[in-house]
There are 4 protein chains.
Amino acid sequence: MSKILDGPLLSSRELRSRNHVIALPGGAELGGRDVVLMAGPCAVEDPSQLERAAEAVRANGARVLRGGAFKPRTSPYSFQGLGRRGLEMLRAVADRLDMAVVTEVLTAEDVPLVAEHADMLQIGARNMANYRLLEEAGRSMRPVLLKRGLGATIEELLLAAEYVLAEGNQDVALCERGIRTFETATRFTTDINAIPILKQRSPLPVVLDPSHGTGQADLVGPVARAAVAAGADALLIEVHPSPQEALCDGAQSLDPVGFARMAAEVGRVAAAVGRGIG
Amino acid sequence: MSKILDGPLLSSRELRSRNHVIALPGGAELGGRDVVLMAGPCAVEDPSQLERAAEAVRANGARVLRGGAFKPRTSPYSFQGLGRRGLEMLRAVADRLDMAVVTEVLTAEDVPLVAEHADMLQIGARNMANYRLLEEAGRSMRPVLLKRGLGATIEELLLAAEYVLAEGNQDVALCERGIRTFETATRFTTDINAIPILKQRSPLPVVLDPSHGTGQADLVGPVARAAVAAGADALLIEVHPSPQEALCDGAQSLDPVGFARMAAEVGRVAAAVGRGIG
Amino acid sequence: MSKILDGPLLSSRELRSRNHVIALPGGAELGGRDVVLMAGPCAVEDPSQLERAAEAVRANGARVLRGGAFKPRTSPYSFQGLGRRGLEMLRAVADRLDMAVVTEVLTAEDVPLVAEHADMLQIGARNMANYRLLEEAGRSMRPVLLKRGLGATIEELLLAAEYVLAEGNQDVALCERGIRTFETATRFTTDINAIPILKQRSPLPVVLDPSHGTGQADLVGPVARAAVAAGADALLIEVHPSPQEALCDGAQSLDPVGFARMAAEVGRVAAAVGRGIG
Amino acid sequence: MSKILDGPLLSSRELRSRNHVIALPGGAELGGRDVVLMAGPCAVEDPSQLERAAEAVRANGARVLRGGAFKPRTSPYSFQGLGRRGLEMLRAVADRLDMAVVTEVLTAEDVPLVAEHADMLQIGARNMANYRLLEEAGRSMRPVLLKRGLGATIEELLLAAEYVLAEGNQDVALCERGIRTFETATRFTTDINAIPILKQRSPLPVVLDPSHGTGQADLVGPVARAAVAAGADALLIEVHPSPQEALCDGAQSLDPVGFARMAAEVGRVAAAVGRGIG
């Protein structure tokens, strides 16, 4: 890559005016006509938990299975994920249900391993400015789901995407997941303005994560609907068969019944803005 | 008023589990089945400007006319509003079009004057903690549209409402209008999480102001749709017949064509969540 | 006042390059060579409490007595202050100890009453954008201590000062008292950068309130020293004879021993930057 | 390492009540009696630039040379640093002047290379939650300068330090470098409250970076003095022989004359709080 900028950013509408579509196995098209549901547990815990979550979300329209095998944790003493075994479980369940897998990769060295098992690499909020990881994800040629840092501006998110794009990898989806503000009633503040701003500036698909954006299961539905109404191309949602027993993020995870209700409601809002769920 | 709290806040669901509805002249019911559109110019400038704005918003479903006669301005050298003459124009135009008037009152002394002309008193973000003004608005027994301070938490907004409610005035609507954050791509950050949180905690109607929440006319539509999808009971929107000539907030004002488009889109989203525009 | 701006702001260094000094009864000169200590209880509670606090701070170098007679409270159910009786107590104690009185005024109507008893009018953070109050304080010709709103920018603080200055009242001191940020370890975040920025831009005296800026008594000393090292002209500090019994802000109030220690430490830092305590 | 927490954090005062001192080559003792100056250019550009900067800071009391060989840049099109050659230059210049070297390491893989040339590894704000890098830095057994993320809380900074400490490496210094807030007059908001809070909670040395905390060379002096007055153990300061020609961060870099003045002023404040410069 020659790190020289002559002209507009690769992520800008100036270079590509039409929406960029990322096609995934299982039929989801990020940035296409339909709104894509990406759902599953915060962390892969065991085969049964993963299967029950996956079946529940697949039955309600999700074509992309999310789930953490490598978990970035604020404290070194928290559960850190199952690693390779988690990846294998994700792959097996997704194959059986004809879904795509998106999962987080924490380090540049892990990119080949994760890319071998997953269809899309998630770069988490904490790593948005981990440039070595961004470059390696770029070189993997796997689609990348890039989450906004919780203290990062929209412009910085677009510049982080540039690190992936500059490697020749065009398949980057931009994910709003809540920012740090003074408000303490919710874990983060979902920046809903970011959805239309990102759609204006960039042809890349825009995703919203209402689970992290709110931190509370009973707010996920309303904010998911809001995101679709504002133009989001996809939702990333945490679902656990028994949220109260989850090893991480139980408070913000939907259970299968809650996901079904949310998906139905989101479907109606999607129709109101001329889209389906797909 | 005896300023003694024994028991839950007057603004809480604990005291009143059912939604509180504020009925306004012209037929709007804030907090009722339908989503209410409150629209008009940032500032009343002259009869022709006000009429053209009012007719445009009335024709597209707005039953409440907004417009500033007393303007709080960051700089003492900016246009400060027409005062009483502006109130009279608002009243005359609203009566002719069978609309209600909501307009800002800046000081406790002005409450009687504004209450004489307006159907609903707006307390602006800068005055959310102006307790003397809140009390006087409470005593006026006019419905109050209380805007969240740009550095105020959701809890503080509810406690500010308490100052009005404690005077015996139950008709308070809570308005999210964007908060101060580190993001500079938009003028403020619309706190979409605040909509479902306020609806959970309080039976009072919840309003969103996407004009101030974004500061950019081309973001008003997407964020207005998002608000309704998230459960807002009303929208407060700035509309000017010629935004580029506006004496204040031109950049965030819709023109009549833009308002018509937004209203149609919002109507479809409202239907998707089981509501109409009314 | 003619609200027309032709030229630089009245608060800017462009108009007055030399520091503006506000001389108060009792000998304090805000903005002069020496650092001024303004101290006393959050709220005036009773004569004995006020006297003990005043004597303690006077004995340790404070020439200005602070204390709230009218208290702005987030909840209408909290103690609201003693009003006129509190003002009279402040005046009596200050006269006996040859100190100046600074106390908050909450409404425009109260300006004459407060101006009758106090030597300096405090406009609190919640009222920084209460323009009617600013104008009335301007017209009173009493020196004004203007606190920065907790969600207000430095530029907005300077524009708020402009409302006072435009009335012909030149005696405005600008007070940093902590802003709202995502950090929750302290009640507010003291914006220490604001001290040198304000000194650069404006000839007006700059005050820091470490009691509100931190919200914790054991942080007041370090942040008070920091403020003086950064160039603050005065400190505004809450002191209570028995903080654990205070009716408001006990957690951030120093006791007399703590104040004496802080004053001695601040004195050494002041000397290091070429100033005294006066 | 067994990632199991039984008891207080390794970074807490509960385990070690006495200040932890990190001794560096050249004689600096971070966390000891004297305040340590760590200074040098943002990026190592060429031997002449580095030498002139190093000589200037050494002559004015700095015993630790800072300088970036690997630069994390928001845009992939900005200057990325000289890499290994930059490290070699730092080593050579520091050896000649009897200084220690602190320099940033961006990736876990680079830790051995950087640890070979540097005396202290800097983990930058963007990488505060790059846990793989923290662990590798921990295993290197080199002292670590850990910068707070610009959207990270104080608690998260302490938990990030835990990743290093849990590897058995006790030599971690905690660095406040400004946080993201709504204020735009400065590049970041220096959280001065963080200094005494960190000193209370942890025995680890606390560093402040006024260059990044303010983003403006003319604010560096006042905020550096404030940090020392508040109890900081060290300052990290950008110095360039010709700031206007710097390849990065020129606006916030002091020139040699500015550094000399700042060091003298800081020395006087250090003396006022019972410390020297060393």
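In table form, for the structure just shown:
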{"read-out": "Under the Karplus curve 6.51 cos²θ - 1.76 cosθ + 1.60, θ = phi - 60°, whole-Hz ³J(HN,Hα) for region B:165-179, x wherever Gly or Pro sits", "value": "4, 5, 7, x, 8, 8, 8, 10, 10, 9, 10, 7, 9, x, 10"}
{"read-out": "Angstrom value of the Kirkwood radius, inverse mean 1/r, which spans all Cα pairs in region A:42-121", "value": "12.6 Å"}
{"read-out": "Projected-area mean, region C:79-225, by convex hull of Cα positions, square nanometres", "value": "9.4 nm²"}
{"read-out": "Relative packing of C:165-174, B:32-41, which averages over residues the other C-beta atoms within 10 Å, highest first", "value": "B:32-41, C:165-174"}
{"read-out": "In Hz, Karplus ³J(HN,Hα) per residue of region C:188-203 (6.51, -1.76, 1.60; θ = phi - 60°; x = Gly, Pro)", "value": "9, 10, 5, 8, 5, 4, 4, 4, x, 5, 5, 5, 5, 7, 9, x"}
{"read-out": "Magnitude of the charge dipole, chain D, Cβ model with Lys/Arg +1 and Asp/Glu -1, debye to 20", "value": "420 debye"}
{"read-out": "Karplus 3J(HN,Hα) series, Hz, for region D:263-278 with 6.51 cos²θ - 1.76 cosθ + 1.60 (x for Gly, Pro)", "value": "5, 5, 5, 4, x, 5, 5, 4, 4, 5, 10, x, 10, x, 10, x"}
{"read-out": "Alpha-carbon Rg with Dmax, taken over region B:231-272, Å", "value": "11.9, 37"}
{"read-out": "Computed magnitude of the charge dipole of region A:236-275 (debye, nearest 20; Cβ of K, R +1, Cβ of D, E -1)", "value": "320 debye"}
{"read-out": "Per residue, the convex hull volume that the Cα atoms of chain A enclose (Å³)", "value": "114 Å³"}
{"read-out": "Percent of alpha-carbon pairs separated by more than 19 Å within region B:141-278", "value": "52 percent"}
{"read-out": "Most to least packed among C:187-196, D:128-137, D:83-92 [average Cβ atoms within 10 Å]", "value": "C:187-196, D:128-137, D:83-92"}
{"read-out": "For A:L204, distant residues with modelled amide H under 5 Å away", "value": "A:H20"}
{"read-out": "For region D:106-151, the fraction of alpha-carbon pairs in successive 5 Å shells from zero, as %", "value": "5, 26, 37, 21, 9, 2, 0"}
{"read-out": "Cα-Cα over 18 Å, subset of B:K147/B:K199; C:K71/C:K147; D:K71/D:K199", "value": "D:K71/D:K199"}
{"read-out": "Region C:79-138: radius of gyration over Cα atoms, expressed as a fraction of 2.2 N^0.38 Å", "value": "1.12"}
{"read-out": "Extended-chain gain in nm, criterion 0.36 nm per residue less alpha-carbon gap, D:E155 and D:M141", "value": "2.7 nm"}
{"read-out": "B:R85/D:S12 FRET efficiency (R0 60 Å; Cβ-Cβ; nearest 0.05)", "value": "0.40"}
{"read-out": "Debye, to nearest 20: dipole size of the protein assembly as shown, +1 on Lys, Arg Cβ, -1 on Asp, Glu Cβ", "value": "0 debye"}
{"read-out": "For region A:189-258, alpha-carbon Rg over 2.2 N^0.38 Å", "value": "1.17"}
{"read-out": "Cα centroid separation, region A:121-151 to region C:189-238 (Å)", "value": "40 Å"}
{"read-out": "Where Rh is the Kirkwood radius over Cα pairs, Rg/Rh for region D:1-141", "value": "1.00"}
{"read-out": "Centroid-to-centroid separation of region A:49-92 and region D:240-278 [C-alpha atoms, Å]", "value": "50 Å"}
{"read-out": "Peptide A:144-152 - average C-beta neighbours from other chains (10 Å radius)", "value": "3"}
{"read-out": "Shape parameters for the protein assembly as shown, alpha-carbon atoms, Rg then Dmax in Å", "value": "29.6, 87"}
{"read-out": "With eigenvalues of the C-alpha gyration tensor scaled by 5 and rooted, region A:30-85, Å", "value": "25, 14, 8"}
{"read-out": "Accessible area (Å², 1.4 Å probe, nearest 10) - C:H20", "value": "30 Å²"}
{"read-out": "Top positive-direction residue, dipole computed over region C:135-214 with Cβ charges, set C:V206, C:L157, C:Q170", "value": "C:V206"}
{"read-out": "Amide hydrogen neighbours beyond the local backbone of D:V35, cut-off 5 Å, H modeled", "value": "D:G276, D:I277, D:G278"}
{"read-out": "Other-chain or far-sequence residues with amide H under 5 Å of B:V101's (modelled H)", "value": "B:L65, B:D119, B:M120"}
{"read-out": "Spin-label model distance (nm) - A:D98 vs A:S78, 7 Å beyond Cα toward Cβ", "value": "3.7 nm"}
{"read-out": "Other-copy label distances relative to C:V21, 7 angstrom Cα-Cβ extension, nm", "value": "4.6, 6.8, 7.6"}
{"read-out": "Residue-normalised accessible area of chain C, given per residue in Å² at a 1.4 Å probe", "value": "31 Å²"}
{"read-out": "Partner chain coverage, peptide C:216-224 - average Cβ within 10 angstrom", "value": "5"}
{"read-out": "Theoretical gain in end-to-end length, C:A264 to C:L113 [0.36 nm per residue, Cα-Cα removed]", "value": "50.8 nm"}
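The values are calculated or read from the model by the stated rules, or taken from the named source; none is laboratory data. The structure displayed is predicted, hence computed values, not measured ones. In this analysis, Cβ positions are derived from the backbone assuming ideal geometry, glycine residues included, and neighbour counts consider all displayed protein chains. For accessibility, only protein heavy atoms count, side chains too; no ligands or nucleic acids. Shrake-Rupley method; radii C 1.70, N 1.55, O 1.52, S 1.80 Å.
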